[in-house]
Amino acid sequence: MTVRDPSLPDPFDRLSGRIVAEHRPWPRIEVQADIWTEVADRLSHGILNLLGLWGEPRTVHMAVADASDLSRIQVLSLTCPEGRYPSVGRVHPPAIRLERAIADLFTLVPVGLPDTRPWLDHGKWGVHAPLAAQRNDARPAEEYGFLLVEGENLHQLPIGPVHAGIIEPGHFRISADGETVVRLEERLGYTHKGIEALLQGADLERAARLACRCSGDSTVAYGLTFARAVEAALGWAPPARAVRLRALMAELERLANHLGDVGAICNDGGFAIMLAHCSVLREQVLREAVACFGHRLMMDCIVPGGVAADIDAAGSARVTALMANIRRRFQRLVELYDTTASLQDRTVGTGILRPALTARFGAGGYVGRASGRRCDARRWPGYPPYDELEFEIPVLQEGDVNARLWIRVGEVEQSIRLIEQILAKLPDGPIRTENGSSPANAASEGMAIVEGFRGDILAWVRIDATGRIERCHLRDPSWFQWPLLEAAIEGNIVADFPICNKSFNCSYSGHDL
C-alpha cells in the first residue's frame, strides 16, 4: 500500500489545471468541473483516498491521496461562481458530512448531494453561513429530521446531547428491535465554536493558540500540524532539537490518551479496576508533562518555528525512568485483561467494523488499523524525526472492540520505545527559529498532515502578505470515524453502545470546530 506498483494506472493521470505555485509541499491545482467529477469517481472506486474537503466563499478545495501510496498527495480547487459545485458525496459517502458543513458555513451548494440537512448549523448562531462573502440572515431553528426506520416492533432511544460525567455533547438516536440495534444516527455540531472564523486575520501567535484548542486531548498534535503547515508555507525550518522535542511531546500525548482509553473501555465492560490502574499511569504521564513543559496537556508548547518549552537533563532522566515503570506495570494490566474471560466476552466480536468499509472511508488511527488498514502519517506521508526512529505499526483484521483495544496496547509499547529513543539522542542547540525564507510581502500556502492519537490531522493555511492568516482549515480524524461508529453498532445490543462508542472515542470538539 505504501509503494506504488508501477504497472498500475497513475490515479493522478489526466488531472490537469493551473498549478498554484505558492502552495507547498504538495501541489494544488485549480481544475474545472469535469476534473472535479472525475476525481470523485476515482474516490468512489477506491483509487484515491479523501483526505479533506473544505470551502471558501467562492471556492471548494479537496485533498486526495493515492490509495496505494499515501505519500502521493494533491489538492484540487474548483471555483464556484454561481455558488454550486458537483457533489463528491453523491458517489463517495465519506464526503457527505463535509459537504453539509461547507453548505452551513459558506452556502455553497453541492449539486446531487443525497443528504442536504444542516450539519453544524442548528439555527442558533444568529447568522447563516458565517464564513460566506455576504452573510445571510439567521436561519430559524427547526426540528432536525432524523432518517426514518421502518419495521414492526421498532422503538427509539434518544441518548444525549447531554451525557453523564465530563463529556462533550452529542446526540445519538438508536432505533432498536427489542435489544438489537437496527440503526444508530448521530447528530453533532453542539460544540461548534467558530475556530475557522476566529483564525481569519489572526497573527501566527494567536492562530497557533487557537489551533491548539480544537480538541484539548490532541493539543500537541493540532499544534504540530498547524506549525508544520505554516512552516511549509513560509519555508521555515525548525531547529533539530525542536523537531525531537515535538516528537517527544506528541508521544507523551499519545501515551497518556491510550492509557486512559484502555482503562475506560474496560470500565464500560464492567471491569473498573483496569480504569483505576490505567488512570494512575495516565496521571503520572500528565504530571511529568507539567513538570517538564509547564502544562499537563503541553498546550501552546509547539509554535511555528519550533517549541516554546524545553526539557532539562533532570526532566529527561525522570521521563526515562517513568517509561521503564509504565512498561513494567502496564504489561501486568495487559495480562490481566488477556486472562479475564468475562471482560473479553464484552469486547471480542462486539462492534465489528469491516475492513472494506474502513478502507472506503480512509479511516486512520486505531479505528483503521484494527480493521486491516495499514496507515500512519508518521510514515506516510511521513515527517521528521520519525524517519530516523524505529517503531512498528500494529495492524489487526478483526475490527471489533477487542482489536481496537489491542491496537492501543501495541501503540503504548511503541510510544514508550519512541520516547526512549528520542531522549537517548536529544541534540543540543536552539529550540526555535524566528522567520522563514519565503519572499517578503508575498502570500503563501501550506498544508501538513500529522498523526494524532486518533489518527491523521490535516491543516491547510493561506498566509497573506502581512503575515496574518487569510484562511485556515483544520480537519480532525473523527470526520471519517464518526460515521463508521454508526455501521459498527448495527446488529449489536443496546447495552453494547457505550463500549463501542468508547472504543472509537471520536472527538466531538475536533469534529465540530
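Give the Rg (one decimal place) followed by the Dmax (whole number) of the range 280-351, computed from C-alpha coordinates and expressed in Å.
Reported Rg and Dmax, both Å: 17.3, 50.
Per residue, what volume in Å³ does the Cα convex hull of the range 329-471 take up?
Spread over its residues, the Cα hull of the range 329-471 gives 151 Å³ apiece.
Carbon and sulfur: what percent of the chain's accessible surface (1.4 Å probe)?
Here it works out to 52 percent.
Multiplying the sequence separation of ASP115 and THR180 by 0.36 nm and subtracting their Cα-Cα distance, what value in nm do you get?
20.8 nm
What share of all Cα pairs of the range 1-146, in percent, falls into each consecutive 10 Å distance bin?
In order of increasing distance, the bins hold 12, 38, 32, 14, 4, 0 percent.
In whole Å, what is the distance between the alpha-carbon centres of the range 69-103 and the range 351-380?
Distance between centres, Cα-based: 21 Å.
Testing the spin-label approximation: label points 7 Å from Cα along Cα→Cβ at ASP345 and HIS295. State their distance in nm.
So the label points at ASP345 and HIS295 sit 4.6 nm apart.
Treating the Cα atoms of the range 353-428 as identical point scatterers in vacuum, please give the log10 of the normalised Debye intensity I(q)/I(0) at q = 0.26 Å⁻¹, two decimals.
Once normalised to I(0) and log-transformed, intensities are -1.14.
Just the accessible area per residue of the range 366-436, please: how many Å² with a 1.4 Å probe?
About 40 Å² of surface per residue is accessible.
For LYS124, go through the lysines and keep the ones whose alpha-carbon is under 24 Å away, minus same-chain ones fewer than eight residues off.
By straight Cα distance, LYS124 reaches LYS193.
Could you grab the relative contact order for the range 250-351? Cα pairs under 8 Å, six or more apart, rounded to a whole percent.
22
Normalised by the number of residues in the range 26-133, what is the relative contact order in percent for Cα pairs under 8 Å and 6+ residues apart?
24
Determine ³J(HN,Hα), in whole Hz, for all residues of the range 251-256 in sequence, where each value follows from phi through the Karplus function 6.51 cos²θ - 1.76 cosθ + 1.60 and θ = phi - 60°; x replaces Gly and Pro.
For the range 251-256, the Karplus-derived couplings read 6, 5, 5, 4, 4, 4 Hz, x marking Gly and Pro.
If Lys and Arg each add +1 and Asp and Glu each add -1, what is the summed charge of the other residues whose beta carbon sits under 12 Å from the beta carbon of ALA21?
Neighbourhood net charge equals 0.
Compute the accessible area per residue over the range 1-88, keeping the other protein chains in place, probe 1.4 Å, unit Å².
Result: 44 Å² per residue.
Quick one: divide the alpha-carbon radius of gyration of the range 13-62 by 2.2 N^0.38 Å and tell me what you get.
Dividing the Cα Rg of the range 13-62 by 2.2 N^0.38 Å gives 1.16.
Give me the one-decimal nm value for the distance between modelled label points at ARG213 and LYS124, 7 Å along each residue's Cα-to-Cβ direction.
According to this spin-label approximation, the distance is 1.8 nm.
Kindly report the accessible area of the range 255-356 per residue (heavy atoms of protein chains, probe 1.4 Å, no ligands, DNA or RNA), in Å².
Using a 1.4 Å probe on heavy atoms only, each residue of the range 255-356 averages 42 Å².
Can you tell me the order of 112-119, 492-499, 372-379 when each peptide is scored by its average per-residue count of other Cβ atoms within 10 angstrom, highest first?
In decreasing order of mean packing, 112-119, 492-499, 372-379 become 372-379, 492-499, 112-119.
Would you mind computing Rg(Cα) / (2.2 N^0.38 Å) for the chain, counting N as its residues?
For the chain, the normalised Cα radius of gyration comes out at 0.95.
Considering the dipole of the range 382-513 built from charges on the beta carbon (Lys and Arg +1, Asp and Glu -1) around the Cα centre, which of PRO477, TYR386, SER509 is farthest to its positive end?
SER509
Suppose a student asked you for the relative contact order of the chain, using Cα pairs under 8 Å spaced at least 6 residues apart; what percent would you report?
17
Kindly provide the trypsin sites (Lys or Arg not before Pro) of the range 245-320 that DSSP labels as loop, not H, G, I, E or B, and whose Cβ sees at most 13 other Cβ atoms within 10 Å.
Answer by residue number: there is no such site.
The values are calculated or read from the model by the stated rules, or taken from the named source; none is laboratory data. Because the structure is a prediction, the values reported are computed rather than measured. A quick note on method: Cβ atoms are made from the backbone with ideal geometry, for glycine too, and the neighbour counts reach across all protein chains shown. SASA here: full protein model, heavy atoms, side chains in, ligands and nucleic acids out. Shrake-Rupley method; radii C 1.70, N 1.55, O 1.52, S 1.80 Å.
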